[in-house]
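S.K.: Before anything else, here's the structure in question.
The values are calculated or read from the model by the stated rules, or taken from the named source; none is laboratory data. Fair warning: this is a prediction, and the values are worked out from it, not measured in the lab. Cβ sites come from the backbone with ideal geometry, for glycine too, and all protein chains shown count toward neighbours. We work out accessible area using only protein heavy atoms, side chains counted, and drop any ligands, DNA or RNA first. Shrake-Rupley method; radii C 1.70, N 1.55, O 1.52, S 1.80 Å.
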Amino acid sequence: MARDEINAFLGAGTSYEGRLEFKGSVRIDGAFKGEIESEGTLVIGKEALVEGTISVGQLIVSGRVTGTVTASGKTTLHKTAYLEGQLSSPKLVMEEGAVLEGQIQMGTKKSEQSADVIEFSAGA
């Protein structure tokens, strides 16, 4: 499978509530409420609304996320992203215009660092 190949897709105008587990990559452009768990990549599209607990390998956000987020690899927030809640990720990339409000913990699980409470508001 190609690295950027999407295994599953929740399209715009759709909504789902529950638990999602997957391998590879999944893209959400609709509404999702619940728990998401994977070692793979989760892509949240510009029109998406995701609420709940997310634990993935890599997270790429262009839409809106509310909840507790853990990415074991990297989190990328594009300029249209809005993330509210708790974020734990060893790497964070934010484009100008992205908004992140809440608690952020950066480092590995082995790290003894405590989370810093900070609020980001970039753009408008």
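S.K.: Name the one entry in 31, 48, 8 that is within 18 Å of residue 77 (Cβ to Cβ) and among the hydrophobic types (A, V, I, L, M, F, W, C). Give the steps one after another, and end with the answer.
M.R.: Values: 31 fails: within 18 Å of residue 77 (Cβ to Cβ); 8 fails: within 18 Å of residue 77 (Cβ to Cβ).
Being within 18 Å of residue 77 (Cβ to Cβ) and among the hydrophobic types (A, V, I, L, M, F, W, C) holds for just one of 31, 48, 8, which is 48.
S.K.: Of the residues that sit in the range 70-79 and are polar (S, T, N, Q) and farther than 16 Å from residue 27 by Cα, which one is most open to solvent (accessible area, probe 1.4 Å)?
M.R.: Ranking the candidates gives 72 first.
S.K.: On to the next question. Sort out which residues of the range 46-78 are part of a loop (DSSP other than H, G, I, E, B) and in contact with a Ser or Thr (Cβ under 8 Å, 6 or more places away or on another chain), and write them in order of number.
M.R.: 46, 48, 62, 63, 78 - these are the residues of the range 46-78 that are part of a loop (DSSP other than H, G, I, E, B) and in contact with a Ser or Thr (Cβ under 8 Å, 6 or more places away or on another chain).
Conditions tested, residue by residue: (1) surrounded by 15 or more Cβ atoms within 10 Å (Cβ to Cβ); (2) within 23 Å of residue 93 (Cβ to Cβ); (3) among the basic types (Lys, Arg); (4) in contact (Cβ under 8 Å) with a residue 40 or more places away in the chain.
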position: 11; (1), (2), (3), (4): no, no, no, no
position: 20; (1), (2), (3), (4): yes, no, no, no
position: 33; (1), (2), (3), (4): no, no, yes, no
position: 38; (1), (2), (3), (4): yes, yes, no, no
position: 53; (1), (2), (3), (4): yes, yes, no, no
position: 60; (1), (2), (3), (4): yes, yes, no, no
position: 63; (1), (2), (3), (4): yes, yes, no, no
position: 68; (1), (2), (3), (4): yes, yes, no, no
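S.K.: Another question about this same structure. In the range 30-45, which residues are within 25 Å of residue 99 (Cβ to Cβ) and either at pLDDT below 95 or among the small types (Gly, Ala, Ser) (or both)?
M.R.: 30, 31, 34, 38, 45
S.K.: Mind checking which pairs have a first residue in the range 84-97 that is assigned to a strand (DSSP E or B) and a second that is modelled with pLDDT under 95 and polar (S, T, N, Q), Cβ under 6 Å, 6 or more apart or different chains?
M.R.: Correct list of pairs: 86/103; 88/105.
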